[in-house]
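Please treat every number below as a calculation from the coordinates, not as lab data. None of the values given here were measured: they were computed from a predicted structure. Here the Cβ positions follow ideal geometry from the backbone for every residue, glycine too, while neighbour counts run over all protein chains shown.
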Amino acid sequence: MTVESIAETTQFLTFKLDEELFALDISKVREVLDFTTITKVPQTPDYMRGVINLRGSVVPVVDMRVKFGMQEAERTVNTCIIIVEVDMESENVVMGVIADAVQEVLDLEPEQVEPPPKIGTKLNSDFIRGMGKVNDRFLMILDIDRVFSCDDLAALAVAAGDGE
């Protein structure tokens, strides 16, 4: 997905991880839940926190801080689970991502979005759609479909009981 495609999509849900601000295309967000009990699933990656029961459905939950190599944080009153839809090989996968706090739904004009930074060849930044400029701060606009690799999503499917 390119920065040009952001010309069509201007609403983003912003959330915090540590002191960094991130954003998701609002069309990928189903709902935001208060933090709840997560059932741990053995032999899953560190960032895979487990599963929750969402109205009778098993939904895998991922800690975005751990996924992005950040320090784990204590849960606070603001800690929440953002329920998102991820496209995996032309199939929608519903999952939860833990965020420190949800900020707001934000309208970004195309001129407020810069291309993602070129960081070099060692770091994969394909999951960053662009950098939004809000006031004097940048926020990273994530392409949630690219945050997780096929291997990650296979682990999530196993955790949700859909895999082998």
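Principal axis analysis of the Cα atoms in segment 41-99 yields extents of 33, 24, 21 Å, listed in decreasing size. Taking 13 Å as the cut-off, the amide N atoms of segment 31-50 that come nearer than this to a point 7 Å along the Cα-to-beta-carbon line of Thr79 belong to 34-39, 49-50. For a straight C-alpha distance cut-off of 25 angstrom, the lysines reachable from Lys133 (same-chain residues fewer than eight places away being disregarded) are Lys16, Lys28, Lys67, Lys118. Each label was represented as a point 7 Å from its Cα along the Cα-to-Cβ direction; for Glu20 and Val134 these points are 1.6 nm apart.
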